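Report on one structure; see the data block that follows.
The values are calculated or read from the model by the stated rules, or taken from the named source; none is laboratory data. Since we're looking at a predicted model, the values are computed, not measured. Virtual Cβ from ideal backbone geometry, glycine too; neighbours counted across all protein chains shown. Quick note on the areas: whole protein, heavy atoms, side chains included, nothing else; ligands and nucleic acids left out. Shrake-Rupley method; radii C 1.70, N 1.55, O 1.52, S 1.80 Å.
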Amino acid sequence: MDSILSVIALAVIAAHVLVWIFAFVRGSGDRDRVNWLLATIFCSILTCGVYLVASDVAITGKPVRGISVFLMLVGLLACFGTLVIRDISNPDNRQRLVRSWLLACGVWLLVLALAYLATPEPMLGQPEWLLRLFRQPDLTGLVAVLGLVITGVCLFGFGYSRFYVAELPEVANRALFWVLTSALLILSVVLIGSGTRFLTMLGMVALLTANVGASYGCLSYRVFDIRMAVLLSLRTLGFIAIAAAMIFTALYLALTTNLNPGTSEGLIAIGAIALLIAALYVPLRQLIDLTVRLLNSQSAVDPSQVAREYSEKVSEAVELEELVLVATTTLNRLMKVRRSALIVLNSTFKVKDSVELLVMQPGGAQDKLTGFLSVYSPVYTRLAAERQPISQFEIEFSPDYRSMNAEDKLLFRRLQMSAYAPIISGNTLIAVLAAGPMLNDKAYYPRDLALLATLAQQTGVVLRNARLLDDMQHLNKSMQSLNRNLKAANEQLNRLDSVKTDFVTIASHELRTPLAQLRGYTDIIDALNDQGMLDQEQTTGLVGNLRKATERMEELISAMLDVSQIDVNAMDLRFTDTPPESVLRMAIEPLTDAIKQRKLTLSARGLRGLPNIQADLPRLVQAFRNIIVNAIKFTPDGGRIDIVASLQGASNGNEVDQVLVEISDTGVGIDRKNLELVFKKFFRTYDPSLHSTGTYKFLGAGPGLGLTIAKGVIEGHGGRIWVESPGHNMDTFPGTTFFILLPVSTPENAKRSMTFEPEPTSSERGTDPKPPIERDQLIGTRQ
Ligand code: ADP
């Protein structure tokens, strides 16, 4: 018997060596995993090798074969377990699991060796030691059995848990494969370690089978469908069992009824039995087929029928949204999948050699998911160049896609789909038809992918038409909006144009009036002088009028100069610590007479207690005065002007506290369309020739520069000015409110004031002309 064991051991070793060489040569991919496989096979060779040594070899009186076999088996389990963990564990905790597993096996090995040394007569490995262990417990035996139970449970539990949590059916299938291989390996360990010769021989064969399985699992990224294989085996076994039962019944009937094949009656009876058995066999076989199909929760899908029905439904869709709805719902129903999507490629939006993917699922625009796929990605090549479908499992696990970058992999993982087929139109990839997991959690096999590819092909033409329609609708919409913008721009241009024309009228009107006065008075003085009638009283009166006219001209010219300074960012601001209250007081003071004359009420609130601001006092006074003068001019007699100031705290660390001043009146108001234009130079809402010429009179004339200067000065302080009004009405007087926001301390990055310097020409600037500098960026804090 021992010689038979040795022969079997030799044969198993030789087979193992072949498997080892095969794994060594073919295992080029994940070397680390392959190394653990090689180690497992090596331990198996050593285990079988022990049986080539005589069974009675003993050291210090104790037999060594039993313990040696067990120590080898522990090593074998350690290597095999590591291989399984490395193959199906989550990469996040892979290292930790492998370390714990190896540590546990190491401890087991050590304790087993110590127990062997401590036991006087260890029975490990002796015939029927396992049975005897229950009657006469022995430390070494107990450690061996206990270790085997614990490691076996851990390995099974781990494999099963990975099977349970796997998202892709292919991954679950792989976990199931390792659970089965682990079961076979543990069984072989038990059989080899049993000590009984016959069982040991069986164990060796089982070990070889387990190792062949492990090599297959380790070297191929996709293992066969276990569930399907089990069902097919059951079906075959069922057929054999039925056939056997039928033949048995037929023979039994023929022999027990003593039928004589020599007579015609006998022959007829035998024929009748055969017919009966055959008639019974056919439905029974179909019953088994049906049961297997039900167990596989799969009713036959006829690809040509699916393709025809899908094509019919999809060709009815006209718009893109409609196509998405029809294509996905039909695909879900026909291919029996949980979800599906149409991934449209946006070729017009290429970013750094990537195409934009727009995932469209029924449910509207809010469900759209987007991402970018590199055109160098192997998945893109597969879909666009090879025009072949691909499964999510291949993307994640196939060695062909190992080079794919993590971002692209993550993009596909996020889609939660299981298979993708290209939709090609005019030789370009325009979209991808994606199908989710199957209802029966089956993996995608080549025939499923081929069916998906056929459906994708049928979507191509319809999708192209739908996209054309969609593009046209978009184009239409954008043309409409462009038209609207053009209209608005035209209106704005017209208004600006009239501002320009106004300038000529204003300049001539505003400058001519005082000029005419000057001329008139000079003529009068001249005439009176000629006649020698010029007395002192007349001279004083005439000189006074001359002064007024000159002052008006001066005012106008200085306003024009201020505006030109603002235009070239050259307003020179000198900042000092200034109380806002003083600014407003100084702005109002010269206007008190006019306010009284016009019977207006002016109130100011909230100015006390405000913090000082960094300001150029005369300029800020000028700005506020311009605004208040407007309030006086555009408010009818008896109206109100209210000034309210408040402190606006900074909302975050990057901002500073600000003082907000609101100046509201009960005047004629400003038309909404002019709310921004009032700050443009020379803008006025009235025909200048109709103006009354008094400076503070109701609707008094002005050159249209006051607010331009106010805005320039306030923005030069790092502040902001805007106006709100319900509209312009000369009967109801809706009123106007100006808002001025000024920072308490000018932020460091605020606008800087610029000295007046001519702008460098583009040739001075060199070849890289800078864009014109915004005023906002330049006027600001002063040193
Ligand atoms: P002007 O020298 O004409 O006052 P501004 O630049 O100060 O020039 O103002 C421009 C235009 O803004 C004014 O002509 C007027 O139409 C309008 N406007 C300014 N302030 C007010 C206000 N408080 N109420 C109504 N309209 C105003």
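Using a 10 Å Cβ count of at most 14 others and DSSP loop calls, identify the longest part of the chain lacking such GluC sites (Glu not before Pro).
387-654
Towards the positive end of the charge dipole of the stretch 545-590, with charges on Cβ (+1 Lys, Arg; -1 Asp, Glu), say which of SER564, THR550, THR576 has the farthest Cα.
After comparing all options, I get THR550.
Given 37 °C and 0.692 mPa s, how large is the Stokes-Einstein diffusion coefficient of the stretch 407-542 in µm²/s, with Rh as the Kirkwood radius over Cα pairs?
The estimated diffusion coefficient comes to 139 µm²/s.
Could you tell me which of HIS16, GLN658, SER398 has its Cα farthest along the dipole of the chain towards the positive end, charges placed at Cβ (Lys, Arg +1; Asp, Glu -1), taken about the Cα centre?
Working it through, the farthest residue towards the positive pole turns out to be HIS16.
Determine the gain in length on full extension of the stretch TYR216-GLU724; use 0.36 nm per residue of separation and subtract their C-alpha separation, reporting nm with one decimal.
Length gained, TYR216 through GLU724: 175.0 nm.
Quick one: length gained pulling VAL17 to ARG99 fully straight, 0.36 nm per residue minus the C-alpha distance?
Working it through step by step, the gained length comes to 26.7 nm.
Could you tell me how many degrees, from 0 to 90 and to the nearest 10, lie between the Cα long axis of helix 226-256 and the main elongation axis, the longest principal axis, of the Cα atoms of the chain?
30 degrees
Go ahead and estimate [θ] at 222 nm for the chain from helices alone: -39,500 (n - 2.57) per DSSP H run with n ≥ 4, summed, over the residue count, rounded to 500.
-20000 deg cm²/dmol
For TYR164 and LYS673 in the same chain, what is the full-extension length gain: residue separation times 0.36 nm, less their Cα-Cα distance, in nm?
Roughly 176.6 nm would be gained on extension.
Just the accessible area per residue of the stretch 107-186, please: how many Å² with a 1.4 Å probe?
Here the per-residue accessible area is 53 Å².
Tell me the angle of helix 536-567 to the major Cα principal axis of the chain, expressed in degrees between 0 and 90 and rounded to the nearest ten.
Taking the Cα atoms of the chain, the angle to 536-567 is about 20 degrees.
Taking Cα atoms, how many degrees apart are the long axis of helix 706-716 and the longest axis of the chain, rounded to 10 and kept between 0 and 90?
50 degrees
How high is the relative contact order of the chain, in percent, with contacts defined as C-alpha pairs under 8 Å that are six or more residues apart?
7 percent
Leaving out ligands, DNA and RNA, and with a 1.4 Å probe, what % of the accessible surface on the chain is carbon or sulfur?
Result for the chain: 60 percent of the exposed heavy-atom area is carbon or sulfur.
Please report, in debye to the nearest 20, how large the charge dipole of the chain is about its Cα centre when each Lys and Arg carries +1 at its beta carbon and each Asp and Glu carries -1 there.
In total the dipole reaches around 2360 debye.
In the chain, once you exclude exposed chymotrypsin sites (Phe, Trp or Tyr not before Pro) (DSSP loop, at most 13 other Cβ within 10 angstrom), what's the longest stretch remaining?
In the chain, the maximal stretch lacking such sites is 377-755.
Size of the dipole of the stretch 340-492 about the Cα centre, Lys and Arg at +1 and Asp and Glu at -1 on the beta carbon, nothing else charged, in debye to 20?
260 debye
In whole percent, what relative contact order does the stretch 366-406 give with Cα contacts below 8 Å and a gap of six or more residues?
For the stretch 366-406, the relative contact order is 34 percent.
Translational diffusion coefficient, Stokes-Einstein: compute it for the stretch 386-437 using the Kirkwood radius over C-alpha pairs as Rh, at 37 °C and 0.692 mPa s, and state it as an integer in µm² s⁻¹.
The calculation lands on 281 µm²/s.
Using the charge dipole of the chain (Lys, Arg: +1 at Cβ; Asp, Glu: -1 at Cβ; taken about the Cα centre), state which of VAL205, LEU253, THR685 has its Cα farthest towards the positive end.
LEU253
In Å², what does the accessible area per residue of the stretch 394-534 work out to with a 1.4 Å probe?
Per residue, the stretch 394-534 has an accessible area of 59 Å².
Between LYS477 and LEU515, what's the calculated FRET efficiency when r is the beta-carbon distance and R0 is 41 Å? Round to 0.05.
With R0 = 41 Å, the Cβ-Cβ based efficiency is 0.15.
Given a cut-off of under 8 Å on Cα pairs at least six residues apart, what relative contact order in percent is computed for the stretch 368-475?
It rounds to 24 percent for the stretch 368-475.
Can you give me the three principal axis dimensions of the chain from its C-alpha atoms, in Å, biggest first?
170, 81, 54
Counting heavy atoms of the protein chains only and a 1.4 Å probe, report the per residue accessible area for the stretch 251-326 as a whole number of Å².
69 Å²
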